[in-house]
Amino acid sequence: MRVTFVADSDAWGGAEVYLTHLLRRAPANGWSASLVCAEPVAARFAAAVPGAPRTDVPLARHREAAPELRDAVAAHRPDVVVVNLVDPGSNTAAVAAALQVAPTAAVLHLAGDAGTGEAHRRLAALYARLALVLTPSADGRNQVAGELGVPADRVQVVPNGVDLPAVASGPAGRVPPRVGALGRLTAQKGIDVLLRAVARLVAEGTPVEVVIGGSGRDERELRRAAAGLPVTFRGFVEDVPGFLTGLDVFCLSSRREALPLVLLEAMAAGLPCVTTDVGGVAAAVGEDALVVPAEDDAALATALGSLLRDPVDAVDLGARARRRAVREMSADLMARRTFALLDRLAGRPRSVAADDVPRGA
């Protein structure tokens, strides 16, 4: 069976890394996989999955139609198409193009604005034509099945997964301890909230240094906000495992997420993690990370401070995070769950282990 994945993206991030995991694991799950991707991310896909058949097309986001994308998908002769969705409404041209070729599944990585009035009705009508919608969190499922009216049996939650390092690096043991954050420098990621938490820690006399990886439109403003604080900006990070190896604590301060890969990667590396209660995060991490309300810099500072001042507790939390990641957060498990659903969509059901049954199935 042949599957073509569609990445209609203008920048590289977790949603694109997600596709690389599936492309690499397709053969082991009985599928031949190809990729149609927008030109802005083509070079990164070429480096990440050099052996994958790939066609590059113009970016279709926010366009009315995507004939180049449709023709490229058709040329791969897929039995099933899977379209990556940046958010509910910006990739509609790519979805419509895919629907002209083969049964189509979509992956909604992040719930968001689905429009109002006629725009909402058009979006709901398009989603109604999808054979399957996958999402990593209950928020996405609730939006698709509730707000957009897709039948519940066509909406499945498949939690994200990541590559598991053979050995967990754990906290680096730096003095002062180093807190790290990694993501686009935009309001969604809440780096400004982290900076306010750091200011509280400094005022309390807690030794700390902070390193922030990533780039984005808010970088200049965030650098100004960090003036005088023990904060370093690293820019875009190519080597995520290497970045994590240098940390003692990982922090996710986002205002909005589904289930971010970088948090799972930090847990897989054995790092103690502090995260905001967004999307499917709290359910995924359980008691193996510290979870605080979004936009609450006081709570974030308290949680970070508790780990910075107690390295023994931090090491224990990191070890628990690693065990949970190995048990529940591997990309292999995510791929088995995903391809089992695509098998069903293609009329090729197979028996799966209990752990491989996606949530909501």
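Throughout, read-outs are computed from the coordinates displayed, never taken from laboratory work. What you see is a predicted model; the values in this text were computed from it and never measured. Counting neighbours? That spans all protein chains shown, and the Cβs are built from the backbone with ideal geometry, glycine included.
For the pair residue 238 and residue 282, label points projected 7 Å from Cα toward Cβ lie 4.0 nm apart. Hey, if you put +1 on the Cβ of every Lys and Arg and -1 on every Asp and Glu Cβ in the range 137-181, which of 137, 177, 155 ends up farthest toward the positive end of that dipole? The residue sitting most towards the positive pole is 177.
Under a point-charge model restricted to the Cβ atoms of Lys and Arg (+1) and Asp and Glu (-1), what is the dipole moment magnitude of the range 25-132 relative to its Cα centre, in debye to the nearest 20?
Numbers: 10 positive and 9 negative charges, 37 e Å.
For the range 25-132, the charge dipole is close to 180 debye.
Where only DSSP H runs of four or more residues are counted, the chain gives -11500 deg cm²/dmol as its mean residue ellipticity at 222 nm, each run worth -39500 (n - 2.57).
In square nanometres, what is one fourth of the surface area of the convex hull spanned by the alpha carbons of the range 178-328?
Numbers: hull surface 30.7 nm².
So the Cα hull casts an average projection of 7.7 nm².
Charged side chains reduced to their Cβ positions (Lys and Arg at +1, Asp and Glu at -1) give the range 178-328 a dipole of some 280 debye around its Cα centre. Nearest 10 degrees is fine. How inclined is helix 331-345 to the longest principal axis of the chain, computing both from alpha carbons? That helix lies at roughly 20 degrees to the long axis. Per-residue extension of 0.36 nm, minus the Cα-Cα distance of residue 175 and residue 256, leaves a gain of 26.0 nm for this segment.
If r is the Cβ-Cβ distance from residue 348 to residue 129 and R0 is 22 Å, what FRET efficiency results, to the nearest 0.05? Write out the running numbers ahead of the final one.
On the way: r = 22 Å, r/R0 = 0.98.
The pair residue 348/residue 129 has a calculated efficiency of 0.55.
Can you give me the Cα centroid spacing of the range 285-315 and the range 1-51 in angstrom? Measuring centre to centre over Cα atoms gives 35 Å.
Sorted largest first, the principal axis extents computed over the alpha-carbon atoms of the range 67-206 equal 60, 41, 31 Å.
Farthest towards the positive end of the charge dipole of the range 178-328, among the residues 233, 305, 264, is the Cα of 233, using unit charges on the Cβ of Lys, Arg, Asp and Glu. When Rg and Dmax are taken over the Cα atoms of the chain, they come to 20.5, 62 Å. Multiplying the residue separation of residue 313 and residue 75 by 0.36 nm and subtracting their alpha-carbon distance yields 80.2 nm.
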